[in-house]
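The values are calculated or read from the model by the stated rules, or taken from the named source; none is laboratory data. Not measured: the values here are computed from a predicted model. Note that each Cβ is placed from the backbone with ideal geometry, even for glycine, and that neighbours are counted across all protein chains shown.
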Amino acid sequence: MIKGLMITPPVIGRIAIGKLVERNGKRLPEKDDEFTITTQVQSRGQWILHPLDETLRQAQHSGIKEGLQPSSGGDVLEGDAASAPASVPASQQTAVRPASKRSLKDKMGVAADAKPTADTNAVKPLAAAARRKLRSIPVRVLFDDPDLNLRANYTLFDRTTARPVCVGDGEGCKRVTGQGLESLPCPGPDACSFGNQACKPYGRLNVVIGDSDELGSFVFRTTGFNSIRTLAARLQYFAAASGGHLACIPLELKLRGKSTTQSHRAAIYYADLVVRSGMSLNEAIAQAKELDSQRQASGFDQTALDAAARLGFANGSFEDAPDEAAEIVEEFYPADAAPQADPASESAGLTPAAQARGRDGTHSPSSQRP
């Protein structure tokens with residue numbers, strides 16, 4: 001094995017909560033209120049959608065391959081066209097109202113302003129407007145060790161070379177200096193003069209979607225404190241509650257929203273992990289133990305898989321490959337993005353310094369746009 005090259009889980013796609021857009025001649029991150037699953041290929045500056053993206057949107061109506069459909073999570077926003085049935089013409093849709101305030105006509109599905117018309121073009125099924133928002137994704141993780149599935153560090157990139165310069169955990173760090181790679185104390189981004197407010201938490205979560213490639217994963221990248229803290233806690237809790245059968249638990253990557261004073265009460269979005277929709281935690285643990293027994297009977301060695309991953313991560317100093325670093329810097333570490341333009345950091349309305357530190361606890365698109 002080549003020394004100095006970190007061996008990371010094979011990636012076959014990406015999960016994002018944002019995208020890059022062209023604005024005033026610059027490519028800037030723009031936040032979103034749904035997940036997008038993409039391939040690792042770009043066309044005209046945008047990531048190409050993975051076939052699973054559309055499959056899962058449709059599956060929210062008909063059920064997913066494993067038989068448990070992802071929940072809408074109650075996150076459908078008021079006035080969201082995605083919540084309207086595809087068979088209802090756009091001209092006859094009414095604004096979504098709380099159940100207690102809906103009129104009789106609303107409850108009967110009759111629009112107040114609907115008028116007969118001879119124009120056949122006026123009655124068309126919804127197409128793009130009815131595209132359901134993807135706010136939950138059925139997943140499993142690769143490893144029983146939570147820290148192998150989610151790696152999070154304080155990270156500083158050199159914008160001129162797009163290479164990581166300093167990676168730390170709040171105690172110690174690996175930093176590229178004139179003398180080479182050195183191990184130094186890490187005070188964290190708030191107290192570090194070297195980072196100069198450009199260092200922020202950066203996490204990568206690898207998950208498996210479907211069963212077509214059981215060792216191929218989709219990567220979700222984030223610089224949001226809310227996402228990193230929530231995902232880390234969930235993984236630790238599920239691993240403990242299941243008796244170490246984390247890799248076998250049927251999970252769901254879920255989008256959640258919140259408002260804070262730092263976001264000026266605007267909605268910010270972050271990722272969470274819950275048990276698969278339609279299951280209780282007890283049922284999920286029982287299914288995990290059953291799957292683990294089946295795997296052991298077939299000769300699958302999860303302990304050896306975790307050990308191999310651990311050795312791979314220890315084989316190098318920095319995780320992100322050189323060919324990925326430039327895109328990561330562009331998407332997660334924008335040089336002069338305006339506060340409202342940083343989707344990924346879920347930081348609308350924050351000062352650039354607060355965005356750089358990730359103080360809002362949200363998330364930068366990973367090419368996310370993720």
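Within the range 319-334, one or more residues are assigned to a helix (DSSP H, G or I), in contact with a Phe, Trp or Tyr (Cβ under 6 Å, 6 or more places away or on another chain) and at pLDDT below 80.
Filtered by the rule that a residue be of a type outside the set (Val, Ile, Thr) and closer than 24 Å to residue 218 by Cβ, the range 259-278 gives 269, 270, 271, 272, 273, 276, 277, 278. Across the range 1-48, which residue is farthest from residue 319 (Cα to Cα) among those that are in a strand (DSSP E or B), more than 12 Å from the chain's Cα centre (by Cα) and among the polar types (S, T, N, Q)? The residue in question is 43. On the basis of being of a type in the set (Asp, Glu), part of a loop (DSSP other than H, G, I, E, B) and either modelled with pLDDT of 75 or more or surrounded by 20 or more Cβ atoms within 10 Å (Cβ to Cβ) (or both), does residue 346 make the cut? Here the answer is yes, as residue 346 does meet what is asked.
Residue check: is residue 225 at pLDDT 95 or above and either under 14 Å from the mean Cα position of the chain (by Cα) or at positive phi (or both)? Here the answer is no, as residue 225 does not meet what is asked. Summed over the range 221-245, the residues that are part of a helix (DSSP H, G or I) and among the hydroxyl-bearing types (Ser, Thr, Tyr) give a count of 3. Residues in the range 233-249 that are surrounded by fewer than 22 Cβ atoms within 10 Å (Cβ to Cβ) and either at pLDDT below 95 or touching a Pro at 6+ places or on another chain (Cβ under 7 Å) (or both): 236, 239.
Filtering the range 152-186 to residues that are surrounded by fewer than 16 Cβ atoms within 10 Å (Cβ to Cβ) and closer than 30 Å to residue 239 by Cβ leaves 169, 170, 171, 172, 183, 185.
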